[in-house]
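Structure first, commentary second.
The values are calculated or read from the model by the stated rules, or taken from the named source; none is laboratory data. Predicted, not measured: the structure shown is a model, and the values here were computed from it. Note: ideal-geometry Cβ built from the backbone for every residue, glycine included; neighbour counts use all protein chains shown. In case anyone asks, the SASA skips ligands and DNA or RNA and just uses the protein heavy atoms, side chains included. Shrake-Rupley method; radii C 1.70, N 1.55, O 1.52, S 1.80 Å.
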Amino acid sequence: MDEKALETIVREVLANLTSGKVAQSQQETGSSSAMKLDPKKDYPLGKKRPELAKSVTGKTINEITLQAVMEGKITPDDLKISAETLLAQAEIAEAVGRKQLANNFRRAAELTKVPDQRILEIYNALRPYRSTKEELLAIADELENVYGAKICAAFVREAAEVYERRRRLKGME
């Protein structure tokens with residue numbers, strides 16, 4: 001595969017990350033970002049407003065090129081989407097009536113503040129029979145108080161209640 005084709009693929013993947021191609025969930029909560037976007041004019045952000053599609057380090061999609069990767073100018077954090085970009089996508093999704101998708105983007109925006117390793121630990125803790133109700137509630141408190149992830153904290157609290165009702169907590173096997 002030649003460099004130009006590889007660069008095209010990388011750009012397409014990055015554009016899709018910000019184009020709203022995310023599965024819907026049933027969680028419904030959250031509020032709009034301060035930015036007002038026009039879904040017809042601004043969607044998908046990666047193509048129509050690439051200056052708004054930024055990584056956590058502030059790099060835009062246009063700055064992430066194969067050449068920059070080969071020159072060592074791109075770090076793994078340059079490939080992580082920013083909370084602001086996710087909130088912009090949430091605003092667009094909500095404007096076209098995709099409330100559940102918008103809420104997914106808001107939860108994802110909150111999780112940008114949580115270290116990757118901790119997200120994996122929380123993911124494993126949320127699997128059936130892996131945690132007690134108290135452990136799940138402690139995770140919810142951590143998400144809310146340490147990372148300011150109120151939507152995600154509510155989601156974990158809800159999971160703790162559902163697991164208790166369905167007898168899916170550790171020790172209830």
### Within the stretch 112-128, tally of residues that are surrounded by fewer than 16 Cβ atoms within 10 Å (Cβ to Cβ) and of a type in the set (S, T, N, Q)
2
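If you check Gly97 against the conditions, is it part of a loop (DSSP other than H, G, I, E, B) and out of contact with any strand residue (DSSP E or B) (no Cβ under 9 Å at 6 or more places or on another chain)? Spell out how you get there, then give the answer.
Working: part of a loop (DSSP other than H, G, I, E, B): yes; out of contact with any strand residue (DSSP E or B) (no Cβ under 9 Å at 6 or more places or on another chain): yes.
Answer is yes for this residue.
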### Query
Within the set of pairs 6+ apart or on separate chains, which have a first residue in the stretch 69-80 that is over 7 Å from Ser55 (Cα atoms), a second that is open to solvent by less than 60 Å² (accessible area, probe 1.4 Å) and of a type in the set (A, V, I, L, M), and C-beta atoms under 8 Å apart?
Val69/Val10; Ile74/Ile64; Ile74/Ala68
### Summary
Across the stretch 120-171, the tally of residues that are over 18 Å from Asn104 (Cβ atoms) and either among the hydroxyl-bearing types (Ser, Thr, Tyr) or touching a Cys at 6+ places or on another chain (Cβ under 7 Å) (or both) stands at 4
### Message
Yes or no: the stretch 142-152 includes at least one residue that is within 21 Å of Arg49 (Cα to Cα), open to solvent by 40 Å² or more (accessible area, probe 1.4 Å) and aliphatic (A, V, I, L, M).
### Response
no
## Note on the structure
Asn124 fails exactly one of (1) touching a residue at least 40 places away in the same chain (Cβ under 8 Å); (2) closer than 24 Å to Tyr163 by Cα; (3) touching a Lys or Arg at 6+ places or on another chain (Cβ under 9 Å), namely (1)
### Residue count, the stretch 58-78 (criterion: open to solvent by 70 Å² or more (accessible area, probe 1.4 Å) and of a type in the set (S, T, N, Q))
2
#### Entry: Any hit, the stretch 150-161, residues being within 14 Å of the chain's Cα centre (by Cα), more than 22 Å from Lys36 (Cα to Cα) and not in a helix (DSSP H, G or I)
no
### Query
Failed condition for Thr132, given (1) over 16 Å from the mean Cα position of the chain (by Cα); (2) open to solvent by 40 Å² or more (accessible area, probe 1.4 Å); (3) of a type outside the set (A, V, I, L, M); (4) within 28 Å of Glu161 (Cα to Cα), with all others met?
(2)
### Task
Please work out which residue is most open to solvent (accessible area, probe 1.4 Å), limiting yourself to the stretch 79-111 and to residues that are in contact with a helix residue (DSSP H, G or I) (Cβ under 8 Å, 6 or more places away or on another chain) and among the charged types (D, E, K, R).
Glu84
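Would you confirm whether any residue within the stretch 117-136 is modelled with pLDDT under 95 and closer than 29 Å to Ile61 by Cα? Break it down into steps so the answer makes sense when it comes.
So in the stretch 117-136, the residues modelled with pLDDT under 95 come out as none.
No, the stretch 117-136 contains no residue that is modelled with pLDDT under 95 and closer than 29 Å to Ile61 by Cα.
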